[in-house]
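Remarks on the structure that follows.
The values are calculated or read from the model by the stated rules, or taken from the named source; none is laboratory data. Source: prediction; values computed, not measured. Backbone-built Cβ (ideal geometry, glycine too); neighbour counts: all protein chains shown.
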Amino acid sequence: MITCKNCGRINSGTYCSNCGQKLVVERITIQYIGHALVHFFTHAEHGFLYTSWGMLKAPGRIAINFINGKRKSYQTPISYFLIWNAIYLLLLYTVEKSFGDNKVIDFAGYFGESEKTRFALSHLNIILTAMLPLQALFIYLFIMRRRYNYMEALVVIFYAIGTVIMLQVVYAVLAIPVYMLSGLSINIRYSDILKILFISWFVFDLVKLFPLKYKVIRAILVVVLIFGTFTVWRSFVYPSIAEFFF
């Protein structure tokens with residue numbers, strides 16, 4: 001007989017009859033952590049990698065499929081956004097501890113003065129989430145409102161910005177060998193090119209799914225509004241708000 005370490009019930013067998021936990025638990029070792037990471041990235045809600053790859057190939061279609069009810073295959077939009085956010089923050093922390101502040105990627109002034117930028121990076125989920133309702137409004141008004149409601153447009157933008165963060169992860173990973181080979185820091189502003197390209201691809205892939213007039217004009221307008229409002233937010237609004245705390 002074995003006492004369950006989770007609920008204290010005395011059992012026999014492999015699993016606790018009360019709470020379902022394994023009766024013999026593994027010690028937490030490097031192998032345990034490695035297995036947990038592999039399991040997470042291959043089984044996270046049955047679709048994290050599948051959704052990530054799909055958002056590069058057909059981002060508008062993936063978002064609309066989820067809204068229309070095809071959900072079992074996909075990572076949910078909010079968790080998709082938060083997971084990529086967490087990965088990015090962990091990567092930035094690791095890079096900073098390994099190579100030094102602003103050595104591999106130069107964030108100087110991206111969110112304002114040094115302390116404001118550092119705070120923004122350490123609270124990136126809040127900084128980015130603050131813009132999502134407004135960006136969803138643009139998609140809702142110019143593309144989705146005849147078929148879908150505003151909250152469904154918010155789902156779309158969670159997927160879009162989550163993928164933007166994924167591209168930021170790729171950018172940061174590629175910056176590491178560049179720094180190691182040349183000693184050069186890569187300015188984070190160059191990654192804005194990736195953001196613009198993906199948001200453009202995302203919006204055009206989305207708008208083609210709707211029977212709308214002036215699709216190209218609508219798509220261009222939404223891209224300009226999404227990226228323009230983010231630029232204004234990070235360059236002027238956030239630094240002004242942060243002034244009260246620094």
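Listed by position, the helices (runs of 4 or more DSSP H) inside the range 99-154 whose residues that are of a type outside the set (A, V, I, L, M) and surrounded by fewer than 16 Cβ atoms within 10 Å (Cβ to Cβ) number at least 2 are 114-122.
When you look at PHE245, is it in contact with a helix residue (DSSP H, G or I) (Cβ under 9 Å, 6 or more places away or on another chain), more than 22 Å from ALA63 (Cβ to Cβ) and surrounded by fewer than 18 Cβ atoms within 10 Å (Cβ to Cβ), yes or no?
Working: in contact with a helix residue (DSSP H, G or I) (Cβ under 9 Å, 6 or more places away or on another chain): yes; more than 22 Å from ALA63 (Cβ to Cβ): yes; surrounded by fewer than 18 Cβ atoms within 10 Å (Cβ to Cβ): yes.
Here the answer is yes, as PHE245 does meet what is asked.
Residue check: is PHE236 assigned by TED's automatic domain parsing to the domain that holds TYR140, crowded, with 16+ Cβ neighbours inside 10 Å and part of a helix (DSSP H, G or I)? No; evaluated as a whole, the condition is false for this residue.
For the range 161-179, the criterion of a residue being among the aromatic types (Phe, Trp, Tyr), buried (at least 18 other Cβ atoms within 10 Å of the Cβ), in contact with a helix residue (DSSP H, G or I) (Cβ under 7 Å, 6 or more places away or on another chain) and within 13 Å of VAL223 (Cβ to Cβ) is satisfied by no position.
For SER185, the stated conditions hold: it is among the polar types (S, T, N, Q) and buried (at least 17 other Cβ atoms within 10 Å of the Cβ).
Results for (1) among the aliphatic types (A, V, I, L, M); (2) more than 30 Å from ALA63 (Cβ to Cβ); (3) in the same structural domain as ILE226 (by TED's automatic domain parsing), shown as yes or no for each residue.
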position	(1), (2), (3)
TYR110	no, no, yes
ARG118	no, yes, yes
ALA172	yes, no, yes
MET180	yes, yes, yes
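Quick one: is SER200 surrounded by 15 or more Cβ atoms within 10 Å (Cβ to Cβ) and at pLDDT below 95?
No.
Scanning the range 125-155 for residues that are out of contact with any Pro (no Cβ under 8 Å at 6 or more places or on another chain), closer than 14 Å to LEU206 by Cβ and aliphatic (A, V, I, L, M) returns ALA136, ILE139, LEU141, ILE143, MET144, ALA153. As a summary of the residue check, ALA160 satisfies the conditions (1) within 15 Å of the chain's Cα centre (by Cα); (2) more than 15 Å from VAL207 (Cβ to Cβ); (3) of a type in the set (Gly, Ala, Ser) except for the one numbered (2).
Close Cβ contacts (under 9 Å, 6 or more residues apart or on different chains) running from residues in the range 139-154 that are without any contact (Cβ under 8 Å) to a residue 60 or more places away in the chain to residues that are part of a loop (DSSP other than H, G, I, E, B) comprise TYR140/TYR148; TYR140/ASN149; ALA153/ARG145.
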